[in-house]
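J.: I'd like to ask you about the structure that follows.
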Amino acid sequence: MLGRFAPDPATLGALVTDDTVPCRCEEVRAGDIRHALREHPHLGTANAVKLLTRAVMGPCQGRSCQPAMCGLIAAAAGRSPQQVGAFTVRAPVNPVPLAGLAAAALPPDRA
């Protein structure tokens, strides 16, 4: 049932102007994506565009904008969404005390 009433991506893409802000966390505009791909036509993956524009690097890590951003990149690069791929996310990193690592590495009977 999901997707039965999904909008046509080509129709939605035609509504996107250079001033459209698909990535609100980092305020990356559609024009920024298009400009980056014009300047670097050999790049066309989601991760390459991410490094050039900071798209999806904000607090949401692409949870809000990834589908729109990948669709925009695919259209601007003249590639399929499969060729563009998805953005890779960075795992949250927290400091871990060395004693905690040592305890995790030991078998339960020796901890």
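The values are calculated or read from the model by the stated rules, or taken from the named source; none is laboratory data. As the structure is a computational prediction, the values presented were derived from the model and not from experiment. Ideal geometry is used to build each Cβ from the backbone, glycine not excepted, and the neighbour counts take in all protein chains shown.
J.: Taking only pairs six or more apart or across chains, which ones have beta-carbon atoms under 8 Å, a first residue in the stretch 61-88 that is in a loop (DSSP other than H, G, I, E, B), and a second residue that is among the polar types (S, T, N, Q)?
T.: These pairs meet every condition: G85/T45; G85/N47; A86/Q66; F87/N47; F87/Q66; T88/N47.
J.: Any idea how many residues of the stretch 10-44 are modelled with pLDDT under 90, surrounded by 15 or more Cβ atoms within 10 Å (Cβ to Cβ) and not hydrophobic (A, V, I, L, M, F, W, C)?
T.: The total comes to 2.
J.: Sticking with this one: I'm told R63 meets every condition in (1) under 22 Å from V28 (Cβ atoms); (2) exposed (fewer than 10 other Cβ atoms within 10 Å of the Cβ) except one. Can you identify the failing condition by its number?
T.: Result: R63 fails condition (2) only.
J.: Let me ask another. Every residue in the stretch 1-43 that is closer than 16 Å to G78 by Cβ and either assigned to a loop (DSSP other than H, G, I, E, B) or in contact (Cβ under 8 Å) with a residue 40 or more places away in the chain (or both), please.
T.: P9, G13, V16, A30, I33, R34, L37, H40, P41, H42, L43
J.: Considering only residues that are in contact with a Leu (Cβ under 9 Å, 6 or more places away or on another chain) and not aliphatic (A, V, I, L, M), look in the stretch 36-71 and name the one that is farthest from A86 (Cα to Cα).
T.: Result: E39.
J.: Here is a further query. With the requirement that a residue be modelled with pLDDT under 85 and either under 16 Å from the mean Cα position of the chain (by Cα) or of a type in the set (A, V, I, L, M, F, W, C) (or both), what does the stretch 82-97 give you?
T.: Residues satisfying the conditions are T88, V89, R90, A91, P92, V93, V96.
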